[in-house]
Structure formats: structure tokens, C-alpha cells
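Note sheet for the following structure.
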Amino acid sequence: MKFGLIGEKLSHSYSPLIHRLFFNITGIKGEYKLFEIERKNIGEFLQNARMDKFAGLNVTIPYKTDVIPFLDELSPEAEKINAVNTISFNDRVRGYNTDYFGLDCTFNKHRVSVNGRKVLVMGSGGAAKAVVSYLLDKKAKEIYIASRDNAKAGEKFPEVMAISYSDIIEYCPFDIIINTTPVGMHPNTGVSPLTKEQVSGAVFLFDLIYNPSVTKLIEIADSLKISNTNGLYMLVAQAVKAQEIWHAGDYGIEIIDRIISEINKI
Ligand code: NAP
């Protein structure tokens, strides 16, 4: 069965490895390839993928919203978030957002509930859309988005309070901090979107970055003894959920840890 990932720059993607491990563990015969495409070719690519009998595709930066006009229908999460990271090809071409599922799995794994919490989200891009949708659904009490352009972020996320980085300290402390910016990501490691003072007082910090596994922001959380996680569990959980959609199967939550333990051996 043919699967793949479309995006702009994919050379550092972990997805082929995660899906290969999924195939090894489940015994499913599949191939998962990377497709770097230009925005103008998205429609043609999806049309060809349908003809070439692809079973499913993932979508990443920066095309999670651009693919939507070329799909027949959306799942309720994808519709609400207005972003698609998984496409299934059956009679109809359907878009899903499994990042939302990956977020839920990560919070559940760490036994953290966002209900009633004061939450700071850094960044207002694609991942922030899934994060904010999740926080609203799970009834976080106060949601703040820190952005380099808080006016624009405020227009994009009217349900939350958009603030600039220089104003963050006025609103501290936050119960939960979620980084959806690429600040600290390979190869530009060693930098953090927040200072120690801004992180102080949080009970949980979630950095969506998975490479490196310990970002500068996570180092700060560790130094303050704040419970934290990187984005690897979310990344593997969204991949497993995509496979469940493509095979209409249920592989159990344990497969996420099995895949992560295989990745950690490499
Ligand atoms: P994106 O759409 O490009 O959004 C990133 C946002 O971060 C931007 O909209 C911007 O918000 C902010 N930003 C970008 N460069 C910045 C800089 N130099 N300094 C401060 N803020 C900056 O990307 P995305 O899809 O949301 O992904 C963001 C990160 O999350 C990436 O590291 C990605 O790998 C990770 N991610 C992980 C998972 C997972 O499963 N673990 C899933 C999705 C994404 P403002 O303009 O408002 O400042």
C-alpha cells in the first residue's frame, strides 16, 4: 500500500522512520515516501495520487490549509481547525487533523488536564490552530497567545488573548506553557522563546519541537523542576492515528511507546 508525506522541505522528517516502524510492528505491508512539492502543484499531485491508488497521505508545513480546496470532505476536527495533516483516498478524498489527537494523547499520557487552567501558547501558526482548538474544547480557563505580531494573531484567534513577548511577564505565572514556534529547533538550538522568569510558576510545559529532544526551553523547565515534554509523543501519536484512519483499525495506545523506544535505540 502506498503512503507518503507532502510538504515544502522534508529532508529532516521523522515520518518515514515512524511509519516504517509502524509497518514492522504491525506486519502491514506498506511504503511511505516523501514528496517535496511546490504550492502550485498541490492540486495536480493530489489528483495523480488518487489515480495512482495511494491509500493515504500526510501533509506538513506549509500546506496544511492549502490542500483543503482539493479534498471532497473534512472530518469535524479538520473543519474546525481549518487544517489537514492526513488525507484518506477512498471513494471520497477526506481530510483529517490528527495533530489534535496527538495533543490529546500527550496531555493524557502526562495526566495533565487543561480544564480550568491558565495557558500560554507561543506562536500563531498551523500547530497553534490545533492547540487553541483543543484548549477551547477542553475548557481552559484563560488562553494567551504570544506572537511577534499580536494584532495579527488577535485577528486569527479572536477567542483568545493575543499578547506580545514583551508583555508576557505582566501575565505570569501561567499554569501550562505550550511552545508552537520553531525557536530552539535543530539546527538553531540553544535558544528559547521564553526566559526562566517567564516560565517560572508553571505546572506543565509542552514544547512541540522533537529535534532536539531537549530544547533550551525544556532545559529551563527542568532547572525549575517543572514537569515537561517534547513533541515526539505527539508526532508518533498523530502518525499512528493516521494509520488507524487509513486501515480503519485500532492499534492501541501502547504502540506509540513501542515506536518511541525503537526510535530511541537508533
Ligand atoms: P508555522 O505554521 O510556521 O508556525 C510557527 C509559528 O511560530 C509562526 O506562525 C510564528 O508565529 C512563530 N514563529 C516562527 N518563527 C519564529 C521566530 N523566529 N521567533 C518567534 N516566533 C516564531 O509552523 P507549525 O506547523 O505551527 O510548526 C511549529 C513548530 O511545531 C515546529 O517546530 C514543528 O516542528 C512543531 N510541530 C510539532 C508537531 C508534533 O507532532 N510534535 C506537530 C506540528 C508542529 P508569530 O508570527 O505569531 O510569532
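Just one of (1) over 25 Å from residue 12 (Cα atoms); (2) within 8 Å of the ligand (Cβ to nearest atom); (3) aliphatic (A, V, I, L, M); (4) surrounded by fewer than 21 Cβ atoms within 10 Å (Cβ to Cβ) trips up residue 169, so point out which.
(2)
Hey, residue 57 hits all of (1) within 14 Å of the ligand (Cβ to nearest atom); (2) crowded, with 20+ Cβ neighbours inside 10 Å; (3) at pLDDT 95 or above but one; which does it fall short on?
Residue 57 satisfies every listed condition except (1).
Consider residue 178 carefully, then state whether it is touching a strand residue (DSSP E or B) at 6+ places or on another chain (Cβ under 9 Å), within 9 Å of the ligand (Cβ to nearest atom) and at pLDDT 95 or above.
So residue 178 does not fit the description; no.
What number of residues in segment 124-160 are surrounded by fewer than 16 Cβ atoms within 10 Å (Cβ to Cβ) and at pLDDT below 95?
Qualifying residue count, segment 124-160: 0.
Can you find a residue that is free of Cβ contacts under 8 Å to residues at least 60 places away in the same chain and touching a Phe, Trp or Tyr at 6+ places or on another chain (Cβ under 6 Å) anywhere in segment 26-35? Steps first, answer last, please.
Here is the first cut: in segment 26-35, the ones free of Cβ contacts under 8 Å to residues at least 60 places away in the same chain are 27, 29-35.
Those still in the list that are touching a Phe, Trp or Tyr at 6+ places or on another chain (Cβ under 6 Å) too: 30, 32.
Yes.
Got a number for residues in segment 194-214 being of a type in the set (A, V, I, L, M, F, W, C) and away from the ligand (no atom under 16 Å from the Cβ)?
Selection size over segment 194-214: 2.
Only one residue in 266, 256, 245 is modelled with pLDDT under 95, away from the ligand (no atom under 11 Å from the Cβ) and on the phi < 0 side of the Ramachandran plot. Which one?
Every option except 266 fails the conditions.
Consider segment 250-266. How many of its residues are in a loop (DSSP other than H, G, I, E, B), out of contact with any Cys (no Cβ under 8 Å at 6 or more places or on another chain) and among the hydrophobic types (A, V, I, L, M, F, W, C)?
1
Looking at segment 103-134, which of its residues are in contact with a helix residue (DSSP H, G or I) (Cβ under 9 Å, 6 or more places away or on another chain), in a helix (DSSP H, G or I) and either not small (Gly, Ala, Ser) or not assigned by TED's automatic domain parsing to the domain that holds residue 177 (or both)?
103, 104, 105, 106, 107, 109, 129, 131, 132, 134
Taking the condition in contact with a strand residue (DSSP E or B) (Cβ under 7 Å, 6 or more places away or on another chain) and surrounded by 16 or more Cβ atoms within 10 Å (Cβ to Cβ), does residue 71 pass? Spell out how you get there, then give the answer.
Values: in contact with a strand residue (DSSP E or B) (Cβ under 7 Å, 6 or more places away or on another chain): yes; surrounded by 16 or more Cβ atoms within 10 Å (Cβ to Cβ): yes.
When the stated conditions are applied, residue 71 passes them.
Has segment 146-153 got at least one residue that is more than 16 Å from the ligand (Cβ to nearest atom), in a loop (DSSP other than H, G, I, E, B) and basic (Lys, Arg)?
No - not one qualifying residue is present in segment 146-153.
Scan segment 215-249 for residues that are closer than 27 Å to residue 196 by Cβ and assigned to a helix (DSSP H, G or I) and jot them down. Before you say what the answer is, go through the steps one by one.
Quick first cut of segment 215-249, residues closer than 27 Å to residue 196 by Cβ only: 215-235.
Listed by number, the residues that qualify are 216, 217, 218, 219, 220, 221, 222, 223, 232, 233, 234, 235.
Filtering segment 81-99 down to residues that are more than 16 Å from residue 238 (Cβ to Cβ) and touching a helix residue (DSSP H, G or I) at 6+ places or on another chain (Cβ under 7 Å), which residue is surrounded by the fewest Cβ atoms within 10 Å (Cβ to Cβ)?
This residue is 82.
Could you tell me which residue of segment 48-78 is nearest to residue 91 (Cα to Cα), considering only residues that are in a loop (DSSP other than H, G, I, E, B) and β-branched (Val, Ile, Thr)?
Start the filter on segment 48-78 by keeping residues that are in a loop (DSSP other than H, G, I, E, B), which leaves 52-53, 60-67, 71-72, 75.
Next, only the ones that are β-branched (Val, Ile, Thr) stay: 60-61, 65, 67.
Working: 60: 23, 61: 27, 65: 22, 67: 18 Å.
Once the filter is applied, the top-ranked residue is 67.
The values are calculated or read from the model by the stated rules, or taken from the named source; none is laboratory data. Note that the structure is predicted; figures quoted are calculated from it, not measured. Here the Cβ is made from the backbone with ideal geometry for all residues, glycine too, and neighbour counts use every protein chain on show.
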